[in-house]
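For reference, the structure discussed in these notes is given below.
The values are calculated or read from the model by the stated rules, or taken from the named source; none is laboratory data. These figures come from a predicted structure and were not determined experimentally. Cβ atoms come from the backbone with ideal geometry, glycine included; neighbour counts cover every protein chain shown.
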Amino acid sequence: MAAEILDGKAIAGEIRQEVAADVQAFTASGAPAPCLAAVLVGEDPASQVYVRNKSRACEKAGIEGRTHRLPADAGQDALLGLVAELNADPNVNGILVQLPLPSLKDEAGQAMYDEREVLDAVDPLKDVDAFSPVNVGLLMQGRPRFLPCTPHGIVQLLLRTGHLCSGKNVCVVGRSDIVGKPMAMMLAQKNGSCGPEVANATVTLAHSRTADLAAVCRSAEILIAAVGRPKMITADMVRPGAVVIDVGINRVDDRLVGDVDFDAVAEVAAAITPVPGGVGPLTIAMLLHNTVMAAKLQSGR
Ligand SMILES: NC(=O)c1ccc[n+]([C@@H]2O[C@H](COP(=O)([O-])OP(=O)(O)OC[C@H]3O[C@@H](n4cnc5c(N)ncnc54)[C@H](OP(=O)(O)O)[C@@H]3O)[C@@H](O)[C@H]2O)c1
């Protein structure tokens, strides 16, 4: 294996220590500990694990982590009611609605939950996932308030490992609202609002309709895969010497694998993130960072 392994877990550890120090300084100034409220609807096992991990990470950083549970069939109105309560609660600084919401239908055959309506209802000042239209709009305009956690984690990984993007060809595969789209936007920024060193990339945003995806990927000096298909990025799709960031988390035979065929691609790439231990831990670290930022914004400190 030739490639440098980009150790997301170690970098996330660094960031979590920085956040913990920040929390200490914040509370030493007389402020209450920042508080993150997670909303979990239903019993999805993966979502339960994610919420538990986030709550533990909060605790370790000195952030109060609350979990609000609703039964799967609580319905849209109950969920919106809970979000409204958390919006109004001055002790809650950040709100996270764990996705996906249950895909149940009511008696009339209508979906019981409208995810977009729920995310739109979160107070933008408490929107630590950065999913609200206000925060997406601010990012688009190059004056972000909160940065979305997964793309922000990737930016931190690139910065802290010295893989700078300015002037480089970057290909992002996947155009979801949570990862691909904001990732492309952050790297293409002109004014360095997401970190000058990671701005000014020439970004290609690829997706399921991209013609000759392999050729598009091969043109990239930095390739970011956020698709959700195990090992779909093969060695022949990677330019020799490229930096490869694997966002994918796929469960195959009880093992987690990424979107990148790790062993083969590591022979071609200059640097690569593993799965697990790559982008995943950074996502949680940036969520903690956003929660402290939210507490500071709300307290005016
Ligand atoms: N590490 C983390 O912290 C973290 C955070 C979030 C997500 N993830 C993981 O990242 C992966 C992607 O998540 P997501 O929420 O962004 O997924 P998503 O909403 O399902 O979007 C997937 C994207 O991949 C594209 N795509 C699907 N098949 C393709 C193909 N054959 N060729 C090219 N593009 C294709 C889709 O294109 P169309 O738009 O054309 O349909 C879509 O834009 C998942 O494995 C998820 O678990 C990890």
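Per-structure values
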{"read-out": "Cβ-Cβ under 7 Å pairs, at least 6 apart or on other chains, the stretch 229-245 side at positive phi, far side β-branched (Val, Ile, Thr)", "value": "231/257; 231/260"}
{"read-out": "Any hit, the stretch 97-120, residues being more than 17 Å from residue 70 (Cα to Cα), surrounded by 18 or more Cβ atoms within 10 Å (Cβ to Cβ) and of a type outside the set (A, V, I, L, M)", "value": "no"}
{"read-out": "Matching residues in the stretch 172-184 - criterion: being touching a helix residue (DSSP H, G or I) at 6+ places or on another chain (Cβ under 6 Å) and over 13 Å from residue 283 (Cβ atoms)", "value": "172, 174, 175"}
{"read-out": "Matching residues in the stretch 204-227 - criterion: being among the hydroxyl-bearing types (Ser, Thr, Tyr) and either within 13 Å of the ligand (Cβ to nearest atom) or assigned to a strand (DSSP E or B) (or both)", "value": "204, 208, 210"}
{"read-out": "Unmet criterion (only one of (1) away from the ligand (no atom under 16 Å from the Cβ); (2) small (Gly, Ala, Ser); (3) not in a loop (DSSP other than H, G, I, E, B)) for residue 269", "value": "(3)"}
{"read-out": "Sole exception among (1) at pLDDT 95 or above; (2) out of contact with any strand residue (DSSP E or B) (no Cβ under 6 Å at 6 or more places or on another chain) for residue 141, by number", "value": "(1)"}
{"read-out": "Every pair of residues 6+ apart whose Cβ atoms lie under 6 Å, when the first sits in the stretch 77-100 and is of a type in the set (Lys, Arg) while the second is surrounded by 13 or more Cβ atoms within 10 Å (Cβ to Cβ)", "value": "none"}
{"read-out": "Scope the stretch 269-301; condition touching a residue at least 12 places away in the same chain (Cβ under 8 Å) and among the small types (Gly, Ala, Ser); matching residues", "value": "269, 270, 271, 277, 278, 280, 285, 294, 295, 299"}
{"read-out": "Residues being more than 22 Å from residue 161 (Cα to Cα) and buried (at least 24 other Cβ atoms within 10 Å of the Cβ) - total across the stretch 234-264", "value": "1"}
{"read-out": "Test for residue 230: is it within 15 Å of the ligand (Cβ to nearest atom) and in contact with a Leu (Cβ under 6 Å, 6 or more places away or on another chain)", "value": "no"}
{"read-out": "Any chance residue 196 is more than 14 Å from the ligand (Cβ to nearest atom) and either among the acidic types (Asp, Glu) or surrounded by fewer than 22 Cβ atoms within 10 Å (Cβ to Cβ) (or both)", "value": "yes"}
{"read-out": "Selection within the stretch 233-260 - of a type in the set (Gly, Ala, Ser) and within 12 Å of the ligand (Cβ to nearest atom)", "value": "248, 258"}
{"read-out": "Residue within the stretch 179-190 that is in a loop (DSSP other than H, G, I, E, B) and either more than 10 Å from the ligand (Cβ to nearest atom) or not assigned by TED's automatic domain parsing to the domain that holds residue 249 (or both) present", "value": "yes"}
{"read-out": "Residue that is at pLDDT below 95, assigned by TED's automatic domain parsing to the domain that holds residue 268, farther than 22 Å from residue 288 by Cβ and not β-branched (Val, Ile, Thr), where the choices are 166, 176", "value": "166"}
{"read-out": "Some residue of the stretch 142-161 being touching a residue at least 60 places away in the same chain (Cβ under 8 Å), over 30 Å from residue 75 (Cβ atoms) and β-branched (Val, Ile, Thr)", "value": "yes"}
{"read-out": "Among residues of the stretch 153-178, those that are within 16 Å of the ligand (Cβ to nearest atom) and either more than 14 Å from the chain's Cα centre (by Cα) or part of a strand (DSSP E or B) (or both), counted", "value": "5"}
